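See structure below.
The values are calculated or read from the model by the stated rules, or taken from the named source; none is laboratory data. Bear in mind that the values here come from a model prediction, so they are computed numbers and not experimental data. Cβ placement follows ideal geometry from the backbone for every residue including glycine, while neighbour counts extend to all protein chains displayed.
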Amino acid sequence: MPSLDRRAFFKTASAASAIAVVTVASAPRVLAQATTQAPEGPFKLAPLPYTPAALEPHIDAMTMEIHHGKHHVAYVNNLNNALKDYAELAKLPLEDILAKIAEVPEAVRTALRNNGGGHANHTMFWSIMGPAGGPGPDGELKAAIDRDFGGIDKLQETFNTAGTKVFGSGWVFVTVDKAGKLALATKPNQDTPLMEGARVLIGNDVWEHAYYLKYQNKRADYLKAWWNVVDWKAVSGRYAAAKAGTLKI
């Protein structure tokens, strides 16, 4: 894919996602509007648990602002809009809607699949990252990684290879069951293992909007750099919750 300058990238991203064009100068103002103009509904966009610049130099602040404040908010808006005429469905937790995606009314099934999946995936994504420099996995989580992947280095290698092979847009995940067993999974678009009743330990977004400003078409470089911002304390919390049966999305 040829390189794009930032203005061309924003235009392309807008056309693909039906999100308004953002210029560098107007991004903070439009970002604030996007988060405050979300329609009423059962699902909300939570603020980032750190500043947009907190993950630099591995993920740049502009990407984080657009990714969270434009792409993620669009998934939340569209999810709420899809549910506005389905009061009983709207009462369900998101993980239950996604687990029963094949049973929801056909008229909104695609919208719920794409936007419910997008909301779940991104909510997980923000929660497992943090400023670089934290300790790696330890305790039960490290033991599980050693057992099921042959160690953290092998996990990263396997995960990154799978992520580079996702065709087009999608995600690469590590799933976890109630016994604590880990497994690798990839999904297209905004699909999620939640749609199969599984639980996600970690996942990385390999849509171009997650990395293109900094890495252009070098997805492999992005995947490698991403491990620097994985918050292993948060991941350990998800692992414990999965074993306890309390992990939601």
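Scanning the range 43-70 for residues that are more than 17 Å from VAL230 (Cα to Cα) and among the acidic types (Asp, Glu) gives a single hit, GLU65. When ALA225 is tested against (1) in contact (Cβ under 8 Å) with a residue 12 or more places away in the chain; (2) surrounded by fewer than 17 Cβ atoms within 10 Å (Cβ to Cβ), just one condition goes unmet, and that condition is (2). Looking at the range 22-111, the helices (runs of 4 or more DSSP H) lying wholly inside it that each contain 2 or more residues that are at negative phi and at pLDDT below 95 sit at 27-36.
The set of residues from the range 73-101 being under 13 Å from ALA120 (Cα atoms), touching a Gly at 6+ places or on another chain (Cβ under 6 Å) and free of Cβ contacts under 8 Å to residues at least 60 places away in the same chain comprises LEU79, ILE97. Among residues of the range 134-152 that are farther than 21 Å from LYS178 by Cβ and part of a helix (DSSP H, G or I), those with a beta-carbon under 8 Å from a residue that is among the aliphatic types (A, V, I, L, M) and modelled with pLDDT of 95 or more at least six positions away or on a different chain give the pairs ILE152/ILE145.
Residue-wise test of (1) surrounded by fewer than 15 Cβ atoms within 10 Å (Cβ to Cβ); (2) touching a helix residue (DSSP H, G or I) at 6+ places or on another chain (Cβ under 9 Å).
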| residue | (1), (2) |
| --- | --- |
| HIS122 | no, yes |
| SER127 | no, yes |
| GLY136 | yes, yes |
| GLU140 | yes, yes |
| ALA143 | yes, no |
| ASP153 | yes, no |
| ASN160 | no, yes |
| VAL172 | no, yes |
| VAL176 | no, yes |
